[in-house]
Amino acid sequence: MQSDLFCGQEELSFQAKVDRSYISQLETGVYSASVTMLAKLAKALGVEVSELMKR
């Protein structure tokens, strides 16, 4: 899920205004992102939500 635009979970979590551990849990499949969370992550990454759905 991480983009080359960010150095890692810490920066992505800061930009998306969510806890870093939540980003980790999304990446490892512990949680699935809601539509609202997908929108926040896409905005933080500077991509469309559809781009996140491809991965």
> Are there any pairs with C-beta distances below 7 angstrom linking a residue in the range 41-52 that is closer than 14 Å to residue 12 by Cβ to a residue that is β-branched (Val, Ile, Thr), with the two at least 6 apart or on different chains, and if so which?
Replying inline: 42/49
>> I want to confirm something. Restricting to the range 35-50 and keeping residues that are of a type outside the set (Ser, Thr, Tyr) and open to solvent by 60 Å² or more (accessible area, probe 1.4 Å), which single residue is nearest to the chain's Cα centre (by Cα)?
In response: 40
> In the range 21-34, which residue that is within 9 Å of the chain's Cα centre (by Cα) and aliphatic (A, V, I, L, M) is surrounded by the most Cβ atoms within 10 Å (Cβ to Cβ)?
Replying inline: 23
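The values are calculated or read from the model by the stated rules, or taken from the named source; none is laboratory data. Bear in mind the structure is a predicted one, so any value in this text is a computation, not a measurement. Neighbour counts run over all protein chains shown; Cβ positions are idealised from the backbone, glycine included. Note: accessible area is taken over every heavy atom of the protein model, side chains too, but ligands, DNA and RNA are not part of it. Shrake-Rupley method; radii C 1.70, N 1.55, O 1.52, S 1.80 Å.
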